[in-house]
Amino acid sequence: MQGPGGEGEPHVEPSFVPRQAGWRASTRKGTILVGSLGALTILALLGWLSYGTTPSRAVAAASSTTAPRAVQPSPYPPGRWRLASARELERSMLWMSHVLIRHRESETQAPLTLATWHPLGRGPERSPEEALALAQRLASELSAHPERFERVAREQSDDLRTRRFGGRLGALSAFYISQWPVLLDALGAIPPGAVSTVVETEFGFHILRRELPPAATELAGRRLVVGYEKAPWLGFSLRPGKALPKRTRADAERIARDLSTALRREPARFDEFVREHSELSDAARGGDLGVWSNREPTSLPFELMTLGALDVGAVSEPIDTYLGFEILIRDPIQPRQRYAASVIRLAFDPNAPAARADSQRSVGQRAESIARKLQRDPHQLARFQENFCCRDPEHWSEGREPVGALPGFAELAEGAITVAPIVSDSTFLIAKRLNPEDLPAEAPIRFELPNPASAELGRLVRTTEPGALARFCRALPDALKQNLALPDDTLERFVALHEELANDFEKSTRPDAREALMAAAFTKLEQLLGRASFTRYRDLLNARVEAAIMGPGAVGG
């Protein structure tokens, strides 16, 4: 398994679909974003994630084990956001609340998270049909009286995490929500303030309310984390020398409430309590979360909602997260040092035996070998990034850097590469320091879903697994020949050109090379077909690609 831009195995086949720049869990080990990359990168590099699907296909595959429903809610039509790139979706921010009605067949994982975390246990004993009927009744009430949404969420929702927030899920990127495409279809169909009809996911039946973006502000804070055995994600980001606690969730909540009560009386002791009690690795920097805009993509929506409701210097009650129970204190905004780097990341499984290839020892030896090679020849950095992770430069401000990275990284001169790998949570980092002022400006954040006119073929070819591309190419002639009405000799050459391109795709190792192969094939096809027929071919191709992404079923099978 390689990082973004590397090669990966398709999750659903045969299909011509983009491998988005974010990732969907291919097993119940799941994924969640921590910091800038964090545990998401860890699992991707450990090979626990699949890159081979669009969000819609990943969710369809992940949901295929759900028992059929006797009654289905009417879905919203697929939105054109499905044609957008991952980068466009990442820069599109939406605010939403939900009321969730679960049933006895509902997924036990925490709703709308990808981390392996099961705080809810089995669903209620109601049947799917009973849950649907209840959800439809509540949806009808809330459609007529949207002002009741928060009260109904607090009293009726089966998502215990969001009850205290009146059903609010905070700021989420469209890319993150796209892991459940029916939800994004619904949000795209309703204006802010409106309530959706009932939408079904593996978690149960949802009623959504789209929220207006909040007034822009910056938030800063620190946290203290009390873990428990059934929140295993903490194991990837444990404080050095700590083991995943064996305590129950109830015991962790009791401890966290006692600490929170004490800290609300004496907030000046927060640093002391972090040193003594926090089990997360960011205790090394005092639990500092850095400075965040409440309108930017974040892995901390509940933390930012909680900070936003506090006065500066105030301490929160515990909030329930996939890491355990978090206690937060809001800090004043202060200037922060900015950093940027080109980074190679190699993740390890902290629980793997030393002899295993993904153990800390084995991966550490590999990282040290790469670091030595880069000291001899720094120009190999791009090649290693292509083979591992990550091609795009990273940037962060103090408090948002990979945990443990700052002491060694801050001493680097601009353009220098770390001599030895840096251990950050369950990842080895090798970094080349860049000047953050030299990085291109990020695309502005939008508060609406992207609405592309068509899919961009070059991007799809770059981001689709080569085997899937080859299968798609081989299937195209049969799919299009009737519409093109080609003479036999032209048809024979038409089929041969697609076979050549399929073979070239299978041999390709670089995304940019695949795009060049497609461009060369298009030149040959235009020469073969003539301008008018080639234009018709491109129109048919675009329609087929769009159908593969927007509609059910795979193309090319």
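Quick notes
- Any hit, the stretch 216-230, residues being assigned to a loop (DSSP other than H, G, I, E, B) and closer than 19 Å to residue 305 by Cβ: yes
- Filter result (of a type in the set (A, V, I, L, M, F, W, C) and in contact (Cβ under 8 Å) with a residue 60 or more places away in the chain) within the stretch 228-247: 231, 233, 234, 236, 238
- Unmet criterion (only one of (1) surrounded by fewer than 21 Cβ atoms within 10 Å (Cβ to Cβ); (2) under 19 Å from the mean Cα position of the chain (by Cα)) for residue 180: (1)
- Note on the stretch 96-120: residues that are under 23 Å from residue 166 (Cβ atoms) and free of Cβ contacts under 8 Å to residues at least 60 places away in the same chain total 1.
- Restricted to the stretch 101-115, and to residues there that are crowded, with 20+ Cβ neighbours inside 10 Å, of a type outside the set (Ser, Thr, Tyr) and touching a Gly at 6+ places or on another chain (Cβ under 9 Å), the residue that is nearest to residue 213 (Cα to Cα) is 111.
- Positions within the stretch 250-298 being of a type in the set (D, E, K, R), closer than 22 Å to residue 322 by Cα and not in a loop (DSSP other than H, G, I, E, B), in sequence order: 251, 253, 254, 257, 258, 275, 276, 282, 285, 288
- Within this structure, residue 486 passes the test of being on the phi < 0 side of the Ramachandran plot, assigned to a loop (DSSP other than H, G, I, E, B), free of Cβ contacts under 8 Å to residues at least 60 places away in the same chain and of a type in the set (A, V, I, L, M, F, W, C).
- In the stretch 418-429, the qualifying residues are those that are hydrophobic (A, V, I, L, M, F, W, C) and under 17 Å from residue 395 (Cβ atoms), and the one that is surrounded by the most Cβ atoms within 10 Å (Cβ to Cβ) is 429.
- Answer residue from the stretch 272-289, given it is surrounded by fewer than 20 Cβ atoms within 10 Å (Cβ to Cβ) and in contact with a Lys or Arg (Cβ under 8 Å, 6 or more places away or on another chain) and is modelled with the lowest pLDDT among those: 284
- On inspection, residue 509 passes the criterion of being modelled with pLDDT under 95 and surrounded by fewer than 18 Cβ atoms within 10 Å (Cβ to Cβ).
- Screening 145, 118, 98 for residues that are of a type outside the set (Asp, Glu), closer than 30 Å to residue 216 by Cα, surrounded by fewer than 22 Cβ atoms within 10 Å (Cβ to Cβ) and in the same structural domain as residue 195 (by TED's automatic domain parsing) leaves exactly one candidate, 145.
- Residue 154 assigned to a helix (DSSP H, G or I), more than 25 Å from residue 445 (Cβ to Cβ) and free of Cβ contacts under 8 Å to residues at least 24 places away in the same chain: yes
- Of all the listed residues (201, 197, 217), the sole one being closer than 23 Å to residue 331 by Cα and not hydrophobic (A, V, I, L, M, F, W, C) is 217.
- The set of residues in the stretch 248-268 that are without any contact (Cβ under 8 Å) to a residue 40 or more places away in the chain and not β-branched (Val, Ile, Thr) comprises 250, 251, 254, 258, 262, 265, 266, 268.
- Qualifying residue in the stretch 140-160 (condition: modelled with pLDDT under 90 and over 19 Å from the mean Cα position of the chain (by Cα)): yes
- Filter pass, residue 196 being hydroxyl-bearing (Ser, Thr, Tyr) and outside the structural domain of residue 107 (by TED's automatic domain parsing): no
- Residue among 516, 521, 475 that alone is buried (at least 19 other Cβ atoms within 10 Å of the Cβ), of a type in the set (Gly, Ala, Ser) and either modelled with pLDDT of 95 or more or outside any loop (DSSP other than H, G, I, E, B) (or both): 475
The values are calculated or read from the model by the stated rules, or taken from the named source; none is laboratory data. The shown structure was predicted, so the numbers you read here are calculated from the model rather than taken from an experiment. Every residue, glycine among them, receives a Cβ derived from its backbone with ideal geometry; neighbour counts consider all protein chains shown.
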